[in-house]
1. Output the number of residues of segment 58-83 satisfying the condition of being touching a Leu at 6+ places or on another chain (Cβ under 8 Å) and not hydroxyl-bearing (Ser, Thr, Tyr).
2. For the list (1) out of contact with any Gly (no Cβ under 8 Å at 6 or more places or on another chain); (2) modelled with pLDDT of 90 or more; (3) among the hydrophobic types (A, V, I, L, M, F, W, C); (4) open to solvent by 80 Å² or more (accessible area, probe 1.4 Å), I need the number of the one condition that Leu155 fails.
3. Here are some conditions: (1) modelled with pLDDT of 90 or more; (2) under 22 Å from the mean Cα position of the chain (by Cα); (3) of a type outside the set (Ser, Thr, Tyr). Met62 meets all but one. Which one does it not meet?
4. So which residues in segment 266-295 are in contact (Cβ under 8 Å) with a residue 60 or more places away in the chain and over 19 Å from Leu58 (Cα atoms)?
5. Pairs please, first residue from segment 90-112 and free of Cβ contacts under 8 Å to residues at least 24 places away in the same chain and within 17 Å of Ile230 (Cβ to Cβ), second anywhere and assigned to a helix (DSSP H, G or I) and open to solvent by less than 60 Å² (accessible area, probe 1.4 Å), Cβ atoms under 9 Å, 6+ apart in sequence or on different chains.
6. Just one of Leu194, Leu275 is open to solvent by less than 40 Å² (accessible area, probe 1.4 Å) and not in a helix (DSSP H, G or I); which is it?
7. Can you pull out every residue in segment 32-81 that is among the hydroxyl-bearing types (Ser, Thr, Tyr) and either within 13 Å of Trp272 (Cβ to Cβ) or outside any helix (DSSP H, G or I) (or both)?
8. If I ask for residues that are open to solvent by 70 Å² or more (accessible area, probe 1.4 Å), free of Cβ contacts under 8 Å to residues at least 40 places away in the same chain and of a type in the set (A, V, I, L, M, F, W, C), which ones from segment 200-251 would you list?
Amino acid sequence: MKTTQTPAPVPAESGAPVTKEDIPPAPPPKARKEGTVLNVFSHGVLVIWAIMVVMPLLWAVMTSFKDDRSIFSSPWSLPDTLHFDNWSRAWTQANMSDYFLNTVLVVGGSLVGTLVLGSMAAYVLARFDFPGNRFIYFLFIGGMSFPIMLALVPLFYVVNNMGLLNTIHGLILVYIAYSLPFTVFFLTAFFRTLPTSIAEAAFVDGASHSRTFFQIMLPMAKPGLISVGIFNFLGQWNQYMLPTVLNTDPDKRVLTQGLVQLAVSQGYKGDWSGLFAGLVMAMLPVLAAYIVFQRQVVQGLTAGALK
């Protein structure tokens, strides 16, 4: 019994006329309608979310250029005159310059230490098999789920016994320990996506493990380092609980402590314009960092998620 096979359609050659059979069928009207409705709904949700996020930021920036009377009489209107003296008053009289410098020192030192130590630990956990590898990895993951509130009292006594209470370097060490679990978790997944052939070629050429890591693998992990660096920068810059417990010296306060102190003092003085100016000062570095590195953040997230 013979079976007949229908020959597969041959694509039209270049220059040949296109017939109706060569044109792919259009999607049914119902499918097109469902796709349009879904797109409109998703875009509408995104627009609403963007308005909810952007409007408070714009209102805070606008209010920082108003005087106290305009803030309460016309809170939603644009300022008639830009009062730049609000910023200068917050920077000098409210000691925001000192708080800003302390925050830069603490966050800068802790960010460098977190990225260096976290990348080294993540590289070892991702590329080397040894007894206890998975156990150490899950210890770091467990550190992410440990509530910081439960560690405040013992942490206070440990830092005090080490003579690091009310010091900048003591706060830097605590910030590094606080940020390491997430950094190791993120970078371990990222290092596993990097090709092993380049490291093996470096070993064949006589490179040591340290040279291979710092000169070859670490530059390849730049998108992941920038991504986790931005996340750590956001968390450390906005940290309030740890410096409140471990840093009670008024001369070494960070921005979050300074803003709370400014809000308490302005509640009696009524200098709300200076308070909003200080708030915008603390907010601008975070926005600037994300705007500058937003492309690298997306690249690092997608590269760490795909293998």
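The values are calculated or read from the model by the stated rules, or taken from the named source; none is laboratory data. Note that the coordinates shown come from a computational prediction; the quantities given were computed from them, not determined experimentally. Cβ sites come from the backbone with ideal geometry, for glycine too, and all protein chains shown count toward neighbours. These area figures cover heavy atoms from the full protein model, side chains too; ligands, DNA and RNA do not enter into them. Shrake-Rupley method; radii C 1.70, N 1.55, O 1.52, S 1.80 Å.
1. So the count comes out to 3.
2. (4)
3. (2)
4. Once the filter is applied, which keeps residues that are in contact (Cβ under 8 Å) with a residue 60 or more places away in the chain and over 19 Å from Leu58 (Cα atoms), segment 266-295 yields Gly270, Asp271, Phe293.
5. So the pair list comes out as Val104/Pro285; Gly108/Ile172.
6. Leu194
7. Selection gives Thr63, Ser64, Ser70, Ser73, Ser74, Ser77, Thr81.
8. Phe203, Val204, Phe214
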